[in-house]
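Everything on this sheet refers to the single structure shown next.
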């Protein structure tokens, strides 16, 4: 999980967060990676309305026209989950919390391209799973099944190759991560889609999820 997260964090910071910074719409100022002017805290306060208080704080700042920028030269050290269980616990809070933010700041979110982009990821995840589950049925509609399978494999391989060409330069100095790009796409990305889709279903159905902070557990919807 460590190497997968190293790839994920780098692509998030170098590409997505950078683009958000250029557009003046960084959506999350993570706790260990953020410096805030004292006067901002007089205007914006943390709340317990969501389970992602840092992202909620950031959105409130954006809604109040407070400038948020990324400092590319900053060096910050933080801990990341090393087990699948720890990773799931963390991402469950992050990704379900983002859905809470959409509901809480919906009017503003519907006008923000990056919020729309994030929310569309949940919808795309559900659609991807439905499509994958439909593949066996679709294949059976053709006579030349081996040819269809080969075409699908080639399309998948071509897509992975394009992705590696696109983000590969970010890992040119780290061969370990460069070698992990293929399993990152095939394994880690698939796990992410499944988890995100399941959380989205819990959100849509109102079932909610159980979140644990230390010894305290509670259900959020």
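Quick notes on this one:
- Residue list for the stretch 3-35, restricted to those being touching a residue at least 60 places away in the same chain (Cβ under 8 Å), over 15 Å from the mean Cα position of the chain (by Cα) and within 22 Å of residue 174 (Cβ to Cβ): 3
- Residue in the stretch 55-66 that is in contact with a strand residue (DSSP E or B) (Cβ under 9 Å, 6 or more places away or on another chain), at pLDDT 85 or above and closer than 23 Å to residue 220 by Cα present: no
- Residue 191 out of contact with any strand residue (DSSP E or B) (no Cβ under 6 Å at 6 or more places or on another chain) and without any contact (Cβ under 8 Å) to a residue 24 or more places away in the chain: yes
- Residue that is modelled with the lowest pLDDT, among those in the stretch 169-179 that are assigned to a helix (DSSP H, G or I) and loosely packed, with under 15 Cβ neighbours inside 10 Å: 175
- The stretch 155-165, residues that are out of contact with any helix residue (DSSP H, G or I) (no Cβ under 8 Å at 6 or more places or on another chain) and either modelled with pLDDT under 80 or within 19 Å of residue 190 (Cβ to Cβ) (or both): 155, 156, 157, 158, 159, 161, 162
- When the criteria are applied in full, residue 27 fails the requirement of being outside any loop (DSSP other than H, G, I, E, B) and modelled with pLDDT of 85 or more.
- Some residue of the stretch 153-168 being out of contact with any strand residue (DSSP E or B) (no Cβ under 9 Å at 6 or more places or on another chain), assigned to a helix (DSSP H, G or I), surrounded by 12 or more Cβ atoms within 10 Å (Cβ to Cβ) and touching a residue at least 60 places away in the same chain (Cβ under 8 Å): yes
The values are calculated or read from the model by the stated rules, or taken from the named source; none is laboratory data. Keep in mind the model is a prediction, meaning the values are calculated, not measured. FYI the Cβ positions are ideal-geometry reconstructions off the backbone, even for glycines, and counts take in every protein chain you see.
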